[in-house]
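Q: To start, I am sharing the structure in question, which I have written as structure tokens.
The values are calculated or read from the model by the stated rules, or taken from the named source; none is laboratory data. Since this is a predicted model, take the numbers as computed values, not measurements. All Cβ positions, even for glycine, are placed from backbone atoms using ideal geometry, and neighbour counts span all protein chains on display. Remember, those area values only see protein heavy atoms, side chains included, never the ligands or the DNA or RNA. Shrake-Rupley method; radii C 1.70, N 1.55, O 1.52, S 1.80 Å.
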Amino acid sequence: MTVLPIYYVNAFSSQPFSGNPAAVVLLEEWLPDDTLITLASEINLPETAFLVGDHIRWFTPKIEVPLCGHATLATAFVLKTIKQSPDDLFKFQSLSGELTVSSQGSLFTLNFPAIPATLNNNIKSVLEEKLALQIDEIWQAHDRYVCFLSDPETVINYQPDFSQIAQLPLPGVIITAKGHSPFDFISRFFAPVKGVNEDPVTGTSHCVLAPIWGNKLNKKQLQARQVSKRGGNIDCALKNNRVLLTGEAVLFLTGEITF
């Protein structure tokens, strides 16, 4: 019988029942990939982070992903607050290279690569039909569309048809608009093909969004809120080709996996 410690953390929030839930599983050595996918599917949170030493991997209930913000924050939170690490800087090796998370009090800052995106209004009619939205502007990153809307209330109240979103060529869709004070912008993120219909708070989306909004608003520091049902806040800072994402986290439960 195998027994593994598991921690359930809500990231990008300081309150229970909000933010983005992530599972953090600490391993002595790597298990087979199909076992990791099976465990992530059974846990059934938006992301499960597995850690061996300083090597981190992330899985949705369906697939492994190359980069995940909230589960990385959750992992640093577990190491700092649960495992009582004396470190204030955590370095993780990942499919996206070396990632660092610094801690200061209750705040954790992810140092992530900016994800490039290009303007692509050629697909506007397709997305407007599939999403049933009027879109001002569309940008395209490697695995998601970024749809800029004129009204923040449209982003907040939007009722997605996940079967339609799943038919799009890319697996992810962000909808975004300028925010009400104190937030510079708001967003939501949908990725049903990846096994996450709506992700509550998405670090990687802000690696796409922050550079675009920073250019639009002529700002290097931006306050963002992801307006999913659970919701969460991310402070974004642009530094060269990196995005610094700062937020809090709160522990929901601890336990053991046995199989």
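Q: Give ILE186, ILE212, ILE234, ILE175 a once-over and let me know the one that is of a type in the set (Val, Ile, Thr), within 28 Å of ALA74 (Cβ to Cβ), open to solvent by less than 50 Å² (accessible area, probe 1.4 Å) and in contact with a Pro (Cβ under 6 Å, 6 or more places away or on another chain).
A: Details: ILE212 fails: in contact with a Pro (Cβ under 6 Å, 6 or more places away or on another chain); ILE234 fails: in contact with a Pro (Cβ under 6 Å, 6 or more places away or on another chain); ILE175 fails: in contact with a Pro (Cβ under 6 Å, 6 or more places away or on another chain).
So the residue among ILE186, ILE212, ILE234, ILE175 that is of a type in the set (Val, Ile, Thr), within 28 Å of ALA74 (Cβ to Cβ), open to solvent by less than 50 Å² (accessible area, probe 1.4 Å) and in contact with a Pro (Cβ under 6 Å, 6 or more places away or on another chain) is ILE186.
Q: Still on this structure, I have one more. Of the conditions (1) more than 19 Å from TYR145 (Cβ to Cβ); (2) under 12 Å from the mean Cα position of the chain (by Cα), CYS207 clears all except one; give me its number.
A: Going through (1) more than 19 Å from TYR145 (Cβ to Cβ); (2) under 12 Å from the mean Cα position of the chain (by Cα) one by one, CYS207 breaks only (1).
Q: Can you tell me which residue within the range 80-98, out of those that are touching a Ser or Thr at 6+ places or on another chain (Cβ under 6 Å) and under 22 Å from ASN233 (Cα atoms), is surrounded by the most Cβ atoms within 10 Å (Cβ to Cβ)?
A: Of the range 80-98, the ones touching a Ser or Thr at 6+ places or on another chain (Cβ under 6 Å) are 80, 88-89, 91.
If we keep only those that are under 22 Å from ASN233 (Cα atoms) too, we end up with 80, 88-89.
Working: LYS80: 18, ASP88: 10, LEU89: 11.
Of everything passing the filter in the range 80-98, LYS80 is surrounded by the most Cβ atoms within 10 Å (Cβ to Cβ).
Q: Something else: Would you check which residues across the range 58-89 are of a type in the set (Gly, Ala, Ser) and either closer than 15 Å to ALA23 by Cα or modelled with pLDDT under 95 (or both) and list them? Walk me through how you get there before you give the answer.
A: Here is the first cut: in the range 58-89, the residues of a type in the set (Gly, Ala, Ser) are 69, 71, 74, 76, 85.
Listed by number, the residues that qualify are GLY69, ALA71, ALA74, ALA76.
Q: Can you tell me which residue is most open to solvent (accessible area, probe 1.4 Å) among those in the range 239-253 that are over 17 Å from LYS83 (Cα atoms) and in a strand (DSSP E or B)?
A: The residue in question is LYS239.
Q: Report yes if LEU127 is under 21 Å from PHE189 (Cβ atoms), in a helix (DSSP H, G or I) and either open to solvent by less than 20 Å² (accessible area, probe 1.4 Å) or of a type in the set (A, V, I, L, M) (or both), otherwise no.
A: Spelling it out, LEU127 is indeed under 21 Å from PHE189 (Cβ atoms), in a helix (DSSP H, G or I) and either open to solvent by less than 20 Å² (accessible area, probe 1.4 Å) or of a type in the set (A, V, I, L, M) (or both).
Q: Which condition number does GLY105 fail, the rest of (1) open to solvent by 30 Å² or more (accessible area, probe 1.4 Å); (2) in contact (Cβ under 8 Å) with a residue 60 or more places away in the chain; (3) among the small types (Gly, Ala, Ser) being met?
A: Among (1) open to solvent by 30 Å² or more (accessible area, probe 1.4 Å); (2) in contact (Cβ under 8 Å) with a residue 60 or more places away in the chain; (3) among the small types (Gly, Ala, Ser), the lone unmet condition for GLY105 is (2).
Q: Okay, moving on. In this structure, is GLU42 of a type outside the set (S, T, N, Q) and under 23 Å from ALA114 (Cβ atoms)?
A: Against the criterion (of a type outside the set (S, T, N, Q) and under 23 Å from ALA114 (Cβ atoms)), GLU42 does not qualify.
Q: Follow-up question, since we're still on this one. On the basis of being in contact (Cβ under 8 Å) with a residue 40 or more places away in the chain and among the aliphatic types (A, V, I, L, M), does ILE82 make the cut?
A: Numbers: in contact (Cβ under 8 Å) with a residue 40 or more places away in the chain: yes; among the aliphatic types (A, V, I, L, M): yes.
Yes, satisfied.
Q: Just one of the numbered conditions (1) without any contact (Cβ under 8 Å) to a residue 24 or more places away in the chain; (2) part of a helix (DSSP H, G or I); (3) under 18 Å from the mean Cα position of the chain (by Cα) is not true of ASN122; which one?
A: (3)
Q: Please pick out the residue among ASN240, ASN215 that is free of Cβ contacts under 8 Å to residues at least 40 places away in the same chain, over 12 Å from the mean Cα position of the chain (by Cα) and at positive phi. Steps first, answer last, please.
A: Values: ASN215 fails: at positive phi.
On inspection, the qualifying residue turns out to be ASN240.
Q: Sticking with this structure for a sec: Could you tell me whether the range 143-161 includes any residue that is within 30 Å of SER96 (Cα to Cα) and open to solvent by 50 Å² or more (accessible area, probe 1.4 Å)?
A: The answer is no, given that none of the residues of the range 143-161 is within 30 Å of SER96 (Cα to Cα) and open to solvent by 50 Å² or more (accessible area, probe 1.4 Å).
Q: While we're looking at this one, here's another question. Just to be sure I understand the filter: pairs with C-beta atoms under 7 Å, separated by 6 or more residues or on different chains, first member in the range 167-181 and farther than 13 Å from ALA210 by Cα, second member at pLDDT 95 or above and of a type in the set (Gly, Ala, Ser). Which pairs pass?
A: PRO171/ALA191; GLY172/ALA191; ILE175/SER187
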